[in-house]
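To start, the structure under review is shown below, and the notes come after it.
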Amino acid sequence: QYTDPHCNGKQVIVHLFEWKWTDIALECERFLAKKGFCGVQVSPVNEHAMVTKDYPRPWWERYQPVSYKLTSRSGIEAEFVDMVQRCKKVGVRVFVDAVVNHMAGLGRTGTGTAGSTFNSDNYDFPGVPFSRQHFNMRDRCPSHDGNVNNYGDPNNVRNCHLVGLTDLDQSQDYVQNMIAAFFNHLIDIGVAGFRIDAAKHMWPKDITAIQNKVKDLPEGGRPFFYHEVIDQNDGAIKTTEYTALGYVTEFRYCQKIAWGIRNFGDLNNVVDYGWHMTQSSHAFIFVDNHDNQRGHGGGGNLITHKSPKDYKMAVAFTLAYDYGFTRVMSSYEFGDDSSLGPPHNADFTTKDVLINSDGSCGNGWICEHRWRAIANMAAFRNAVAGTDKRKWRNENDQVSFARGNKGFFAMAKSGHMDATLDTGLPAGVYCDLITDCAQKITVDGSGSAHIVINNNNDPIIAFVVGGPT
Ligand code: ARE
Ligand code: CA
């Protein structure tokens, strides 16, 4: 249940973090559809606070909802609707980052991005409307200051205020109805599913109650759900509490892939069920996300776009491997400033995503999802979906494996590899996906192929049955 992303069997979504709706519509049409991406995770779509007090317009203001009206820093409702429809038309689905654990933080007041007034200190959000009675007050929260401060106690984690954010009480029928109405509005527009922000801070049974009030998609079937639960074996809340509700984020994978790329030997147990990693059919995985790439939630020593060669190996390997449902991150430059909002003009409106003649992005947008070692691996994952992993080889800082008899993947830390390997694939001449066919690989009648990698920037080779020739 809730595990079908509704994109015709495609396997990879991309988080276009902080992109405007107008740019995402264009990206679906000019790039994502062609490369075989299943969909886009968009930044929160609903009205949010405009933070100026601690920092001028940080990215994280969008995690402080003011109402469920669809005007945000990424655009107005008409632009959102246009984007969802245009993406859907080319087979790319939209997944909404849904912030429903809380509303804006204490101390914040004024007007949101859609013009609704609010006053967090009074728990007053007339744009929904929510008022004091709809929130978790101190009587339900066991912490001394009202904030989440003990990850060992589920009552503390779920009924207290996460970093001072006014905490909704999702056990109430009225609160469930408001949230479900928001989701149903998005489903009517054509959205295919939801990332549930801070799901760890909501009771699974309350999320279930909300899901029960959410309608089927217009084309039939339940929406796709993936729940943000940071479980690194360090608290009382476990990912397994959420697997009945859809996919659940697997942050241990971020640690594992970082260790594995730094020391290839560790790739032998990149998925470690002994370490309580979530079963593959419910694990939602990524190399980094918008928080941990900048030291927010679950951060620490991960691989990001800031080390491009390692990052390409990490993402390409993740897309080739047979674990979880995959999301690719697409970032903007932020240097050392973990609060910096998206590339913006002087009035803080978000800059357009500029596409250079070589296909890379400008104006401060990184566009990792356009790097060929990442972009071209979506087609690999689509082609090998459902197959097992075979012919695993990990030696001399070189890793290679097959997926069923449908695809073969190899990467070399040094940038160089020259080996004759048993691929298990049918005889034929295959195109290397990474180089868009500049390199070809011949598999002989016994399944053997001479695999050569000679590229220190993209030290990866990947080919599939039925791929380009
Ligand atoms: C901001 C300011 C705060 C201020 C607050 C209220 O930074 O100083 O008190 O506003 O005014 C994002 C940012 C936050 C930001 C918030 C609201 O990251 O900095 O606060 O937006 O604007 C925990 C949660 C997890 C959460 C992470 C960040 O469990 O759900 O913290 N991640 C999601 C999003 C974030 C977002 C929110 C939730 C809130 O992805 O982008 O916050 O909507 C251990 C625990 C984890 C814990 C982690 C960090 O690893 O196991 O559970 O994650 O520590 O505390
Ligand atoms: Ca809560």
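The values are calculated or read from the model by the stated rules, or taken from the named source; none is laboratory data. Only a predicted model underlies this, so the values are computations on that prediction, with no experimental measurement involved. Please note: Cβ atoms are built from the backbone with ideal geometry, for glycine as well, and neighbour counts cover all protein chains shown. Please note that ligands, DNA and RNA were not included when accessible areas were found on the heavy atoms of the full protein model with its side chains. Shrake-Rupley method; radii C 1.70, N 1.55, O 1.52, S 1.80 Å.
A cut-off of 5 Å between modelled amide H atoms, ignoring neighbours fewer than 5 places along the same chain, links Val40 with Val14, Arg93, Val94, Phe95. Between Asn177 and Asp82, the C-beta separation translates, for a Förster distance of 22 Å, into a calculated FRET efficiency of about 0.20.
Compactness of region 302-416 is given as radius of gyration and Dmax, 17.0, 55 Å, from Cα positions.
Considering helices alone, the calculated mean residue ellipticity of the chain at 222 nm is -5500 deg cm²/dmol, with DSSP H runs of length four and up weighted by -39500 (n - 2.57) and normalised per residue.
Amide H to amide H distances under 5 Å link Gly193 with Val96, Phe224, where only residues 5 or more positions off or on other chains count and H is placed in the peptide plane. Using a cutoff of 8 angstrom between alpha carbon atoms and counting only pairs six or more residues apart, the relative contact order for the chain works out to 13 percent.
Beta bridges from DSSP with both residues in the chain: antiparallel share about 60 percent, rounded to the nearest 5. Region 248-326 and region 127-156 have Cα centres separated by 32 Å. For the chain, the Cys residues with no second cysteine's beta carbon closer than 4.7 Å are Cys254. Spatial offset of region 1-49 relative to region 394-446 amounts to 30 Å, using the alpha carbon center of each.
As a length-normalised measure over Cα pairs under 8 Å and 6 or more apart, the relative contact order of region 289-386 settles at 25 percent.
For region 370-380, putting each phi into the Karplus relation 6.51 cos²θ - 1.76 cosθ + 1.60 with θ = phi - 60° gives couplings of 9, 5, 5, 5, 9, 4, 6, 7, 4, 5, 4 Hz, in residue order, rounded to whole numbers and with x for Gly and Pro. Using alpha carbons only, how many degrees (0 to 90, rounded to 10) separate the axis of helix 308-320 from the longest principal axis of the chain? For 308-320 against the chain, the angle is about 90 degrees.
Treating r as the C-beta distance of Ser339 and Asp139 and R0 as 41 Å, the FRET efficiency rounds to 0.80.
With all protein chains kept in place, the per residue accessible area of region 288-336 amounts to 27 square angstrom at a probe of 1.4 angstrom. Label point of Trp275 set 7 angstrom out along Cα-Cβ; within region 292-311, amide nitrogens under 17 Å from it belong to 298-304.
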